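Okay, structure first, notes after.
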Amino acid sequence: MAYRLLIVDDEKDVVSLLKDYFEINHYEAICAYSGTEALEKITMNPDLILLDVNMPDMEGTVLCEKIRKYVACPILFLTARIEDSDKIKGFAAGGDDYIIKPFSIDELGARVAAHIRRERRKPVEANVRFFGQCAIDYSAKTLTVEENVVSLAKKEFEIIELLSMNAGQVFDKERIYEKIWGYDALGDASVVAEHIRRIRAKLKGYGEEYHLETIWGMGYKWV
């Protein structure tokens with residue numbers, strides 16, 4: 001099975017070069033051109049991440065720190081910076097190695113292979129998605145906002161899970177009730193609105209309530 005790399009760099013020529021090189025060497029290459037796009041593709045469970053430090057929307061060190069709690073795979077920084085303070089900052093954020101630009105692509109390939117060999121001893125798959133400052137860990141059944149765990153009841157998390165796993169899709173109250181409580185549950189769909197209200201109130205405390213959107217006359221969706 002091919003190892004999967006996530007290549008994150010806003011320079012498309014660099015991404016194209018790395019993608020071609022690693023695919024020739026039998027890796028699967030996933031590409032992202034910004035920190036925001038990289039957050040979306042973390043769910044594809046890469047075996048290693050090549051991460052540019054300097055990106056316009058989000059510095060690589062910031063992205064690394066944001067995902068490190070949820071992603072166990074090696075993260076290798078690509079950077080033109082050579083100051084010790086920059087290296088210390090990157091390692092403190094959770095990076096595993098620094099590759100200085102311009103680099104030898106064969107040396108980069110060797111380092112990638114070495115890190116993956118070491119990592120095979122402790123494989124861990126991430127099951128997390130990021131929405132704004134929210135991180136939803138579907139394995140641990142938790143939602144955190146900037147390291148703060150939001151206290152959610154079981155049904156509240158299940159509603160968030162349903163909507164966020166289908167982000168952008170509208171669910172009416174009846175469908176949510178059937179999915180979460182089951183077809184044979186005693187009660188009615190009006191309980192959904194109360195749960196939505198409580199979820200939104202909890203998220204509002206962190207300024208993240210906008211993710212749970214009401215579509216009047218239709219239902220709810222996660223954005």
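Quick notes
- Within segment 1-101, the proportion of C-alpha pairs whose separation exceeds 22 Å stands at 21%.
- Here's the picture: charge each Lys and Arg Cβ at +1 and each Asp and Glu Cβ at -1 in the chain, and of 85, 64, 190 the one pushed furthest to the positive end of that dipole is 190.
- Residue 41-residue 113 pseudo-label distance in nm [points 7 Å out on the Cα-to-Cβ vector]: 2.3 nm
- Dipole magnitude of the chain about its Cα centre (Cβ charges: Lys, Arg +1; Asp, Glu -1), debye to nearest 20: 700 debye
- Using only alpha-carbon positions in segment 92-202, the gyration tensor eigenvalues give semi-axes of 42, 15, 13 Å once each is multiplied by 5 and square-rooted (largest first).
- The distance linking segment 72-89 with segment 151-223 is 40 Å (Cα centroid to Cα centroid, whole angstrom).
- Taking 4 °C and 1.567 mPa s as conditions, the chain diffuses translationally at an estimated 67 µm²/s according to Stokes-Einstein applied to its Kirkwood radius (Cα pairs).
- For segment 28-68, the share of accessible area belonging to carbon and sulfur comes to 51 percent (1.4 Å probe, ligands and nucleic acids excluded).
- For segment 1-86, the solvent-accessible area works out to 46 Å² per residue, with a probe of 1.4 Å and every protein chain left in place.
- Think of the chain as a dipole: +1 on every Lys or Arg Cβ, -1 on every Asp or Glu Cβ, centred on the Cα centre; then among 5, 215, 31, 215 lies furthest on the positive end.
- Shape of segment 173-223, Cα gyration tensor, a/c cut at 1.5: prolate
- Electrostatic bookkeeping for residue 203 treats Lys and Arg as +1 and Asp and Glu as -1; over the other residues with beta carbon under 12 Å from its beta carbon, the sum is +1.
- Accessible surface for segment 148-223, divided over its residues, is 57 Å² per residue with a 1.4 Å probe.
- Segment 5-48 residues near the modelled residue 120 label - backbone nitrogen below 17 Å, point 7 Å along Cα→Cβ: 5, 25-28, 47-48
- On segment 97-223, 50 percent of the accessible area sits on carbon and sulfur atoms, based on a 1.4 Å probe.
- Helix-only arithmetic for the chain: the sum of -39500 (n - 2.57) across DSSP H runs with n ≥ 4, divided by the residue total, places the mean residue ellipticity at 222 nm at -12000 deg cm²/dmol.
The values are calculated or read from the model by the stated rules, or taken from the named source; none is laboratory data. Since the structure is predicted, the reported quantities are computational estimates derived from the model, not experimental observations. FYI the Cβ positions are ideal-geometry reconstructions off the backbone, even for glycines, and counts take in every protein chain you see. Side chains included, ligands, DNA and RNA excluded: accessible areas come from the protein's heavy atoms. Shrake-Rupley method; radii C 1.70, N 1.55, O 1.52, S 1.80 Å.
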